[in-house]
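Notes for the one structure printed next.
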Amino acid sequence: MTNARSILLIKTSSLGDVLHNLPAVTDICQHFPDAKIDWVVEESFAALPALHPKVRNIIPVAIRRWRKSWWTSRAEMKATCQQLHQQPYDVTLDTQGLFKSALITRCVQSPRYGYDWQSAREPISSLFYDRKFTVSKALHAVERNRQLAGLALGYVPQGAPSYGICAPNLNLPWLNPARPYIALLHATSRDDKLWDEANWITLGTQLANDGYQLVLPWGSAKEQVRSERLAASIPSAISPPRLALTEAAALLGHARAVIGVDTGLSHLAAALNVPTVGIYTATDPGLTGLFAGSNAVNLGGKKISPSVTEVSTTLNQLLTNV
């Protein structure tokens, strides 16, 4: 489909998955400089594809909210589907490979492309596509997205992935702009992905002694309590207000470095080309870990928690190479 110019991408969630789709946008625009790219994404993550200058329109959906009240959300769902139906596209590309994302393709009047039965995360999704492509599940998620887009649009992705985004310039009044800072992403969706609080305190104290401010973002009431508890035990540490995604991008993108557990914000830091250390304790980073070249390093794995020394040594190596 080498003449494709108007393309609808469907990648709705989650935060990390949306970020992993950004290099596909960069690839498409390298091969089709005049491409017009729209993106269907969960409303809570709409700020992420908007960071890429080559994404024209964001079409938010609210599948998570609609599932909780589908009867009262019918009008909103119908309006979103009509919006997609009225917009002409040359190609609709579902890089999510789930039933919910494949279902969205039925609203669009264009050829529908996606993973085949063996490649999709939920094989039933392949029944919705006009053309289906085989992409190895052994590849990292970033490369799976890039390969699928290349197969669908008729090119071969080359070189390292480029996320194509820059950090917004926002004033964060609670942060001292004259002092370098490091973000400590201590919060994640599962308790088994957490790093021991004693480790954070030891590492944070070392970094404070090196002259850094430490910032501990949070996203829920439980995470806020942890953030405040850690900040009280680490010199020069800040538990900030709750951040919107755009504010989080500004914070992470201008940090000296970021250290984070298996959470979407760690991927955001890596995508912004900030020196980032990923701490994994319950999952294998090989398929969905940080993927941004030499500026991002994954440590640990399933039931393997990295030590403070490992994290500190890796961080120093990254900062030396900047």
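Just a few scattered comments:
- With both residues required to sit in the stretch 181-321, DSSP beta bridges show an antiparallel share near 5%.
- Listed residues PRO235, PRO285, PRO275, most fluctuating in the chain (Gaussian network, C-alpha, under 10 Å): PRO235
- Separation of the LEU103 and ARG74 label points, Cα + 7 Å toward Cβ, nm: 1.5 nm
- Per-residue ellipticity at 222 nm, computed for the chain from helices alone with -39500 (n - 2.57) per DSSP H run of at least four residues, works out to -10500 deg cm²/dmol.
- Computed log10 I(q)/I(0) for the stretch 220-312 at 0.11, 0.26 Å⁻¹: -0.33, -1.37, from the Debye equation with unit scatterers placed on every C-alpha and solvent omitted.
- Modelled label reach - HIS85, point 7 Å along Cα→Cβ, the stretch 1-40 residues with backbone N closer than 19 Å: 8, 40
- Contact order, relative form, for the chain: 15 percent (alpha carbon pairs under 8 Å, 6 or more residues apart, mean separation divided by residue count).
- Taking Lys and Arg as +1 and Asp and Glu as -1, the other residues whose beta-carbon sits under 10 Å from that of LEU153 total -2.
- Listed pairs LYS222/LYS302; LYS36/LYS132; LYS11/LYS54 exceeding 19 Å between Cα atoms: LYS222/LYS302; LYS36/LYS132
- Ranking of LYS193, LYS78, LYS132 by neighbouring Cβ atoms within 10 Å, starting from the fewest: LYS78, LYS193, LYS132.
- With the simple model of a label 7 Å out from the Cα in the direction of the Cβ, LEU127 to ASN169 spans 5.3 nm.
- Inter-site label distance for ALA232 and THR309 at 7 Å from Cα along Cβ, in nm: 3.2 nm
- Listed residues GLY159, GLY150, GLY301, most fluctuating in the chain (Gaussian network, C-alpha, under 10 Å): GLY159
- In this structure, GLN118 and ARG64 have a Cβ-Cβ separation that, at R0 = 35 Å, corresponds to a calculated FRET efficiency of about 0.80.
- Taking 4.7 Å between beta carbons as the limit, the unpaired Cys residues of the chain are CYS29, CYS166.
Here, each number is a calculation from the coordinates, and none is a lab measurement. Keep in mind that what you see is a predicted model, and the values were worked out from it rather than measured. We place every Cβ from the backbone using ideal geometry, glycine too, and count neighbours over all the protein chains shown.
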